[in-house]
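Okay, structure first, notes after.
The values are calculated or read from the model by the stated rules, or taken from the named source; none is laboratory data. As the structure is a computational prediction, the values presented were derived from the model and not from experiment. FYI the Cβ positions are ideal-geometry reconstructions off the backbone, even for glycines, and counts take in every protein chain you see. Side chains are part of the model used for accessible areas, which takes the heavy atoms of the whole protein and leaves out ligands, DNA and RNA. Shrake-Rupley method; radii C 1.70, N 1.55, O 1.52, S 1.80 Å.
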Amino acid sequence: MTEPARPEVAGPDAPVALVTGGSRGIGLGIARALTARGTRVCVTGRDRERLAEAVAELGPGAMGVAGKAHDPAHQAEAVERVVTAWGRLDHLVNNAGGNPVFGPLIEVEPASLAKVFEINVLSAFGFARHAWRAWQREHGGSVVNVSSIAGLGAAPFLGGYGVTKAALINLTEQLALELAPGVRVNAVAPAVVKTRFASALYEADEGAVAAGYPLKRLGVPEDVAGAVAFLTSDEASWITGQTLVLDGGLGLGAATG
């Protein structure tokens, strides 16, 4: 897939987006798409070196703030630095997430499940609160949460992850109701996207996995990025509280042979 061209420098009045977990994979793909349309973008991530590489790639209209997404101090710092540097925060994309547990949900230790909730749900909630208080309450904007099709139904061996992604969808709907009319809040729910994070789900036999999708391929970060770019655009100004499923037709129940 061809990477979109990007403007050399975003203007001083250009909108601003904060993308969590934006140093690689889906998050970096989203940051690229937003930068390509002239949005200034702040990306966050834990790995300082990788984050610096992402910022260098994104160009002059980008900055990075290193830290753990579920750390409240990091959430506050990232939002504060964005507003201080650029004077606004139009769009928040909660992409950071993780899945440190794998296997039947009933076997997951409660403390481990709490950690997954902290990473996948409470981080999104925390960033949304900070963005609301710092800019969006007075000026409006949008929030997009990156959920998963695992949040739409039972998923073998991904139960803990799926429960948190279901909670993220409900959080999306609750915030959409509470933050309207000034702030729109939506979610995307991808199936398997080819990233390092999801590699264990397809790397043994990508062809066999892709065969189960009517479109006969797995997702790539650009697929998610395009959807997020749309949901943060003026063209989506009458859309809020929705979860856009990005699954290559997997949910159609088509034959897998």
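Going through the DSSP H helices of the chain, which span 27 Å or more along their own axis at the Cα atoms while scoring at least -1.0 as a mean Kyte-Doolittle hydropathy? For the chain, where a helix must reach 27 Å along its axis and average at least -1.0, the hits are 159-179.
Of the cross-linked pairs Lys165/Lys216; Lys115/Lys194; Lys68/Lys115, which ones have a Cα-Cα span greater than 18 Å in the structure shown?
Numbers: Lys165/Lys216 25 Å; Lys115/Lys194 25 Å; Lys68/Lys115 13 Å.
With Cα atoms farther than 18 Å apart: Lys165/Lys216; Lys115/Lys194.
Over the chain, what relative contact order in percent results from Cα pairs under 8 Å that are six or more residues apart? Relative contact order comes out at 18 percent.
In debye, nearest 20, what is the charge dipole magnitude of segment 61-133 about its Cα centre with +1 on Lys and Arg Cβ and -1 on Asp and Glu Cβ, if you could check? It would help to have the intermediate numbers written out before the result.
Values: 6 positive and 7 negative charges, 55 e Å.
So the dipole magnitude of segment 61-133 works out to roughly 260 debye.
The packing ranking, built from the mean of other Cβ atoms within 10 Å per residue, places the peptides 20-28, 158-166, 80-88, 115-123 in the order 20-28, 158-166, 115-123, 80-88, highest first. For the chain, the solvent-accessible area works out to 48 Å² per residue, with a probe of 1.4 Å and every protein chain left in place. Summing charges over neighbours of Pro72, with a neighbour being any other residue whose Cβ is under 12 Å away from its Cβ, gives -1 when K and R count +1 and D and E count -1. Expressed as a fraction of 2.2 N^0.38 Å, the value expected for a compact globular protein of N residues, the C-alpha radius of gyration of the chain is 0.97.
Taking all Cα pairs closer than 8 Å and separated by 6 or more residues, the relative contact order of segment 12-162 comes to 24 percent. For the pair segment 132-158 and segment 98-115, the centres of their Cα atoms are 21 angstrom apart.
About its Cα centre, how strong a charge dipole does the chain have in debye, to the nearest 20, once Lys and Arg get +1 and Asp and Glu get -1 at the Cβ? Walk me through the intermediate numbers first.
Working: 21 positive and 25 negative charges, 39 e Å.
For this selection, approximately 180 debye.
Given their separation in residues at 0.36 nm each and the Cα-Cα distance between them, Ala73 and Ala56 gain 3.6 nm when the chain is fully extended.
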